[in-house]
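One structure is given here, and the rest of the page talks about it.
The values are calculated or read from the model by the stated rules, or taken from the named source; none is laboratory data. A quick note: this is a predicted structure, and the numbers were derived from the prediction, not measured. Neighbour counts run over all protein chains shown; Cβ positions are idealised from the backbone, glycine included. These area figures cover heavy atoms from the full protein model, side chains too; ligands, DNA and RNA do not enter into them. Shrake-Rupley method; radii C 1.70, N 1.55, O 1.52, S 1.80 Å.
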Amino acid sequence: MRIDVLTLFPEMFESPLSYSIVKRAQEQGIVEIALTNIRDFAMGDYRKVDDKPYGGGPGMVMMPGPVFDCFEHVQSLAPSKGRVILLTPQGQPFHQAKAAELSQQKRLILIAGRYEGFDERIRIGLDAEQISIGDYVLNGGELAALVVIDAVVRLLPEALGDEDSAKDDSFSNGLLEYPQYTRPEVFRDMKVPDILLSGDHGKIAEWRRQQSLDRTRQHRPDLLDESDPPS
Ligand code: ADE
């Protein structure tokens, strides 16, 4: 997979993309991540990328020109057209099923905005889908783009070693993950549940499933709501 990111702050991505699974996936050629600075496509001495909103109101809006020019340059860097995604609080909520769907794509082009948002013609002209990582407003789309990259890359075939399989992750089956324990058997008077020491794999699987259900019912009943099934 190739992931292009269009951003005004490419430096914000460097450290988070240089650790652990995402780092290894890049080194192994499972994913190529390319950062392009939108400001490199801005005109004039001030390289302006934002301007006041028509109709008045607070804040500034990202101008379409630099984003279109940057996008057209980025698209020419690789043959596949790519799925174009704007990170914005106005987008569709991001969830595990969306991460799984995006992990099937050959190429993603993520556009991280700043200021009060994007000129609407960016969304329309680039035929972009919009994704939000939650109902809160960040200072820009960079952290949201990093969240999407992190969640997608771990689902790419071969990105996880056997020791960190994604199949039991929370949400992968629509439920929260069951509780996990490791050594020691007793820690500060808290004991590992006997069932996990029993060696009975059938009983352990049954216990874990029940724990997943109980936790989901307790902490995230919305995931069990039949009228709004986990997707
Ligand atoms: N940009 C600012 N807030 C955001 C959010 N919640 N999700 C995605 N992009 C954003």
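Compared with the alpha-carbon gap, the fully stretched path from residue 19 to residue 68 is longer by 14.5 nm at 0.36 nm per residue.
Sparse packing (at most 16 other Cβ atoms within 10 Å of the Cβ) combined with a DSSP loop state is found for the following chymotrypsin sites (Phe, Trp or Tyr not before Pro) in region 169-231: 181. Per residue, the accessible area of region 86-135 comes to 50 Å² when a 1.4 Å probe rolls over the protein heavy atoms.
Suppose every K and R has +1 on its Cβ and every D and E has -1 on its Cβ; what is the size of the dipole of the chain about the Cα centre, in Debye to the nearest 20?
Values: 26 positive and 37 negative charges, 23 e Å.
Roughly 120 debye for the chain.
Taking the Cα atoms only, what angle lies between the long axis of helix 64-75 and the longest principal axis of the chain, rounded to 10 degrees? Helix 64-75 and the main axis of the chain meet at about 60 degrees. Here the Karplus curve 6.51 cos²θ - 1.76 cosθ + 1.60, taken at θ = phi - 60°, turns the phi angles of region 30-39 into couplings of 6, 9, 10, 10, 10, 9, 10, 8, 4, 5 Hz, with x standing for Gly and Pro. Helix 201-219 and the longest principal axis of the Cα set of the chain meet at an angle near 50°. Each Lys and Arg Cβ is given +1 and each Asp and Glu Cβ -1; about its Cα centre, region 1-109 then shows a dipole of about 340 debye. For region 113-155, chymotrypsin sites (Phe, Trp or Tyr not before Pro) are listed when DSSP marks them as loop and at most 14 other Cβ atoms sit within 10 Å of their Cβ; the list is 136.
With respect to the chain, whose longest principal axis is taken over its alpha-carbon atoms, helix 142-153 is tilted by about 50°.
Summarising the amide proton neighbourhood of residue 34: residues at separation of 5 or more, or on other chains, whose placed amide H is nearer than 5 Å comprise 3, 4, 5.
Remark: region 92-215 carries a charge dipole of roughly 40 debye about the Cα centre, counting +1 on each Lys and Arg Cβ and -1 on each Asp and Glu Cβ.
Taking the highest mean first, how do the peptides 14-27, 121-134 order by number of other beta carbon atoms within 10 angstrom per residue?
On the way: 14-27: 14.3, 121-134: 16.4.
Ranked from most to least packed, the peptides come out as 121-134, 14-27.
Put +1 on the Cβ of every Lys and Arg and -1 on every Asp and Glu Cβ in the chain; which of 26, 195, 63 then has its Cα farthest towards the positive end of the dipole? Among 26, 195, 63, the one farthest towards the positive end of the dipole of the chain is 26. Sequentially through region 174-184, phi angles give Karplus couplings (6.51, -1.76, 1.60; θ = phi - 60°) of x, 10, 6, 6, 6, x, 10, 9, 9, 5, x Hz, Gly and Pro residues having no value and appearing as x. Residues in region 14-28 carry Karplus couplings, in order, of 4, 5, x, 8, 10, 10, 6, 5, 5, 4, 4, 4, 6, 4, 8 Hz; the curve used is 6.51 cos²θ - 1.76 cosθ + 1.60 with θ = phi - 60°, and Gly or Pro positions show x. Build a GNM of the chain with springs between Cα atoms under 10 Å apart, and of 106, 98, 191 the one that fluctuates most is 191. Sequence-distant contacts, meaning Cα pairs under 8 Å at least 6 residues apart, place the relative contact order of the chain at 20 percent.
Could you work out [θ]222 nm for the chain from helices alone, using -39500 (n - 2.57) per DSSP H run of at least four and dividing by all its residues? Round to the nearest 500 deg cm²/dmol. If you can, show how the numbers build up before the last one.
Working: 7 runs with 68 residues, N = 231.
It lands at -8500 deg cm²/dmol.
I'd like the FRET efficiency for residue 78 and residue 220, computed as 1/(1 + (r/R0)^6) with the beta carbon distance as r and R0 of 41 Å, rounded to 0.05. Efficiency, rounded to the nearest 0.05: 0.60.
Considering only protein heavy atoms and a probe of 1.4 Å, how much of the accessible area of the chain is carbon and sulfur, as a whole percent? Don't jump to the answer; show the numbers that get you there.
Values: 7030 of 14000 Å².
Its accessible area is 50 percent carbon and sulfur atoms.
Placing R0 at 25 angstrom, the Cβ-Cβ distance between residue 51 and residue 130 gives a FRET efficiency of 0.75 after rounding to 0.05.
State which entries of 106/167; 23/52; 23/98 exceed 31 angstrom in Cα-Cα distance in the structure shown. Intermediate results must be reported in sequence, preceding the final value.
On the way: 106/167 22 Å; 23/52 39 Å; 23/98 22 Å.
Table pairs above 31 Å Cα-Cα are 23/52.
The mean sequence separation of alpha-carbon pairs under 8 Å and at least six residues apart, normalised by the residue count of region 168-231, gives a relative contact order of 39 percent.
Give me the number: length gained by fully extending residue 204 to residue 170, i.e. 0.36 nm times residue separation minus the C-alpha to C-alpha distance, one decimal in nm.
Numbers: separation 34, 0.36 × 34 = 12.24 nm, distance 1.73 nm.
That works out to 10.5 nm of additional length.
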